[in-house]
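Below: one structure, written as structure tokens.
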């Protein structure tokens, strides 16, 4: 398939590279053109303008937040006015439910197809084509995107005809990861202050009660204090928890734990953690326990 890719950050660059490896024809656009060079070296074609990335069968957007995506979609020469007949906009960005609904309506009004396909996995999973794809949209549109999803991920999960459902799944999943980060940070601070070896404790946890990759991956980052370079920056973690809270408010679903975690991220950022991985939230628990700043 001929596919455009807009947004070549930590995740987007790996996803675009996976599409190339699966022999799709890929046209890439990034606000900072230099970030596209590595992909051009691998066979991608550079798009000087957003519109140039929208001339194929589909275009992915993988951007940081609602504002960035709205600018790319609704701006002059943006995705909405540049898609060809029958082309599909695949939004893999972690965005609000409200924006997803707005995008669905706008694309329908313009005669275009829109699929929400956020992904789970860190940059290393994106580079290895091992993401989990959560897709929602009209069945024919999702089906048409299947070869692309197979190129970037190890499994695709479908969540119905409404794209916003996929975005809500993504937000709820990131909220759960953030909750793991907070609870694991508190537990590690507890055993660490007692003089117990944290690595031994983590090995015990991940061999018995909590064998999920999220505990192994983030537990190691916390213990080894590998917060830079950030695979997923702390401000993005705050953003996603805030979006989960907004979805909860809209649906009248209290999320008291999310409120607490939002404040923990705010504390981390107030202490200078803007450039750190979101697992650096563990610093807050460590400092609260009197064990001092860890990075």
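The values are calculated or read from the model by the stated rules, or taken from the named source; none is laboratory data. Note that the structure is a prediction, hence the values are computed from the model and not measured. Note that we place each Cβ from the backbone using ideal geometry, even for glycine, and neighbour counts take in every protein chain shown.
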When you go through (1) surrounded by 15 or more Cβ atoms within 10 Å (Cβ to Cβ); (2) within 20 Å of the chain's Cα centre (by Cα); (3) more than 24 Å from residue 66 (Cα to Cα); (4) assigned by TED's automatic domain parsing to the domain that holds residue 133 one by one for residue 182, which number turns out not to apply?
-> (4)
Of the residues 107, 89, which single one is under 21 Å from the mean Cα position of the chain (by Cα) and farther than 25 Å from residue 248 by Cβ?
-> 89
Residues that are surrounded by fewer than 19 Cβ atoms within 10 Å (Cβ to Cβ): find the strands (runs of 3 or more DSSP E) completely inside region 113-159 holding 1 or more of those.
-> 131-135, 153-158
In region 102-112, how many residues are crowded, with 18+ Cβ neighbours inside 10 Å and out of contact with any helix residue (DSSP H, G or I) (no Cβ under 9 Å at 6 or more places or on another chain)?
-> 0
Scanning region 266-285 residue by residue, the ones that are more than 20 Å from residue 224 (Cβ to Cβ) and either outside the structural domain of residue 188 (by TED's automatic domain parsing) or not in a loop (DSSP other than H, G, I, E, B) (or both) total 4
Options 291, 228: the member that is in contact (Cβ under 8 Å) with a residue 12 or more places away in the chain, surrounded by fewer than 21 Cβ atoms within 10 Å (Cβ to Cβ), touching a helix residue (DSSP H, G or I) at 6+ places or on another chain (Cβ under 7 Å) and not in a helix (DSSP H, G or I) | 291
Can you work out which of the residues in region 14-39 that are part of a helix (DSSP H, G or I), closer than 19 Å to residue 130 by Cα and free of Cβ contacts under 8 Å to residues at least 60 places away in the same chain is nearest to the chain's Cα centre (by Cα)?
-> 16
Of all the residues that make up region 106-120, how many are without any contact (Cβ under 8 Å) to a residue 40 or more places away in the chain and touching a strand residue (DSSP E or B) at 6+ places or on another chain (Cβ under 6 Å)?
-> 2
Here the residues within region 40-66 that are assigned to a helix (DSSP H, G or I), in contact with a helix residue (DSSP H, G or I) (Cβ under 7 Å, 6 or more places away or on another chain) and surrounded by fewer than 23 Cβ atoms within 10 Å (Cβ to Cβ) are 51, 66
Residue among 175, 227 that is touching a strand residue (DSSP E or B) at 6+ places or on another chain (Cβ under 8 Å), under 23 Å from residue 123 (Cα atoms) and not assigned by TED's automatic domain parsing to the domain that holds residue 22 | 227
Among the residues of region 67-82, is any within 19 Å of residue 148 (Cα to Cα) and not in a helix (DSSP H, G or I)?
-> no
